Amino acid sequence: MDRPSPPLPRRRFLHLTGVALGLAATSGCATAARTRSPGAGLLSAAGTADRTWTPERFDPWIELDRAAWTHNVREAARLASGRPILAVVKNNAYGLGDRAVGPLLAGMPEVGGIASVRVEEALAMREEGVTKPIVVMAEGSEDEIEELARHDVLQSVWLDDAPARLRSVSRRLGRPVPVQLFIDTGMNREGMPYTRARGWIEELVQSEYVDVNGTYTMFMHDLDFNREQLARFEELLAWARGKSLPLGTLHASPSFELFNLPEAHYDMVRPGNALFGNHLSGGEGARDMADLRPVFRMNARVVRVERLEPGDSAGFRHTFTADRATWVALLPVGRTDGYPSEANGTCEVLINGRLYPVAGGVNSAHTILDIGPEKTVEVGDVATLVGPDHPSVLPHTVAERTGRGFLGIIQAMNARLPRRVV
């Protein structure tokens, strides 16, 4: 069970990529979706094109670094010995915007498909021109399953009545419903429990109303228990092979297992955090295994610069009181945009290559900086609150200083902030 995964020959990689691309049904809806070059233009994560954006705009925005995303995808593919990637773009791309991130990742050859957890996420990415397979890793109502099938999106199933619901949807569609089988091997969160999955699998695979295109499980991110889960999954797979029940493409490895459990890489790997630059597995060992890079910046322009005399204060309830003559700068970005209030007194902001402390508070839509005795910034200068350009503003640095955690930082990003791919 501890054997390492062998590298994939090119022919095998091309075969598995073809399998991944064949996961979706062929109703024609996906190819009929309007096309957009990955990340072209400027989008809000809420999904509307921002026609008013100019390089001089003052509203804050999020930049997505295409080169960093490409690098992280290649690192993930290397760890997976060349297997295709089912890129997890769930929870509005962990807060960074699925309408921008989905097409960006789908445009990379190492990515065989996209995974989400909401119907609306999948349909939004289809609207943005993603034609590669999309898997919704959640159960759905009959109406949701039908809508997804009409857009060539794969529904996951795990409930006992899945055969009956899929039969009903198939009759509406006039064709089998493509699905993925989610098997619970011990996490006890989602999935059909492995202990009673056999008859259920057999009924679905043999049904004329269902097209089983893939089967997967989710690990608990505890290596000892992961191996027990893997043994349970393997036992189920062996049973299915013995009965000649095709289960489609197999996948089981999110980011933690991508790093730590190579025997579970199967036909595809399923990372999310790693693609976003997060070493979810933790520790220096993981950092030695892969060079993951920050993939975004949170930017805003300076909208006010004023001089304070000793004793003058700035912010609500005198948050900052000057003990010497100094300049303060105002940024039109705050906690409702996703910049944490805990940044006050703990974090710095990068402007023109220099760091300035957050000192006058982080309010709903404003952040105040202490510039110092010299006026070294001007109205209109671009400030980076979070990004890859200095160790003090790295996402992990801001997360550590504010006690939020990496996901706590990116998941808080306001969906209305425009996203730019640079």
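The values are calculated or read from the model by the stated rules, or taken from the named source; none is laboratory data. Because the structure is a prediction, the values reported are computed rather than measured. Counting neighbours? That spans all protein chains shown, and the Cβs are built from the backbone with ideal geometry, glycine included. We work out accessible area using only protein heavy atoms, side chains counted, and drop any ligands, DNA or RNA first. Shrake-Rupley method; radii C 1.70, N 1.55, O 1.52, S 1.80 Å.
Return yes when A149 is closer than 26 Å to F256 by Cβ and open to solvent by less than 40 Å² (accessible area, probe 1.4 Å) and no when it is not. No; evaluated as a whole, the condition is false for this residue. For region 77-95, a tally of residues being over 23 Å from Q180 (Cα atoms) and of a type in the set (A, V, I, L, M, F, W, C) returns 1.
Within region 195-221, the set of residues being under 28 Å from the mean Cα position of the chain (by Cα) and open to solvent by less than 70 Å² (accessible area, probe 1.4 Å) comprises D211, V212, N213, G214, T215, Y216, T217, M218, F219. Listed by first and then second residue, the pairs with beta-carbon distance under 6 Å, at least 6 apart or on different chains, first residue in region 60-79 and more than 19 Å from G387 (Cβ to Cβ), second open to solvent by 10 Å² or more (accessible area, probe 1.4 Å), are V73/M108; V73/E110; A77/E110. N344 meets each of the listed conditions (1) open to solvent by less than 40 Å² (accessible area, probe 1.4 Å); (2) closer than 18 Å to S392 by Cβ; (3) of a type outside the set (A, V, I, L, M, F, W, C) apart from (1). Scanning region 174-183 for residues that are open to solvent by 10 Å² or more (accessible area, probe 1.4 Å) and in contact with a Ser or Thr (Cβ under 8 Å, 6 or more places away or on another chain) yields R175, P176.
Looking at R99, R74, R83, which one is of a type in the set (K, R) and under 26 Å from Y339 (Cα atoms)? Steps first, please.
Numbers: R74 fails: under 26 Å from Y339 (Cα atoms); R83 fails: under 26 Å from Y339 (Cα atoms).
On inspection, the qualifying residue turns out to be R99.
Screening region 239-269 for residues that are free of Cβ contacts under 8 Å to residues at least 12 places away in the same chain and assigned to a helix (DSSP H, G or I) and picking the one that is most open to solvent (accessible area, probe 1.4 Å) gives R241. Cβ-Cβ distances below 8 Å connect the following pairs, each with a first residue in region 324-351 that is within 17 Å of E374 (Cα to Cα), a second residue that is assigned to a loop (DSSP other than H, G, I, E, B) and of a type in the set (K, R), and a separation of six or more residues or different chains: W327/K375.
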